[in-house]
1. Give me the pairs, please: first residue somewhere in the stretch 44-71 and among the basic types (Lys, Arg), second residue anywhere and surrounded by 12 or more Cβ atoms within 10 Å (Cβ to Cβ) and at pLDDT 90 or above, beta-carbon distance under 6 Å, and either six or more positions apart or on two chains.
2. Consider only pairs whose beta carbons are under 9 Å apart and that are at least six residues apart or on different chains; among these, list those whose first residue lies in the stretch 4-23 and is over 22 Å from ASP52 (Cβ atoms) and whose second residue is at pLDDT below 95 and not in a helix (DSSP H, G or I).
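The values are calculated or read from the model by the stated rules, or taken from the named source; none is laboratory data. The model shown is predicted, which means the values in this text are computed figures rather than measured ones. Counting neighbours? That spans all protein chains shown, and the Cβs are built from the backbone with ideal geometry, glycine included.
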Amino acid sequence: MSITVTKRARDVLERALEAGRMDPAIVGIRLTRGPGGDLRTGFAEGPESGDDELEADGIRIFIPASLAAGDATIDVSDEHDRIVLAGEA
């Protein structure tokens, strides 16, 4: 599996950590799928069982392996700077 994080997505995630006053050395971002199918972000101190962990310029990202089997890209939609996942399983 290979997950790429675009610079725009990394910047949005960094702003989320700053807005939440979270220390990226302690807290990372966990991506999940919401009930409506939208990709959601939340803060987490570590991965949950079944998560893959990746690092994007100092930001830890936890993503369920079931969301991104194979190659995927974490990016930002043009509408409302929402995090999206291209190439998900």
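1. Listed by first residue and then by second, the contacts come to ARG60/GLY28.
2. ARG15/ASP81
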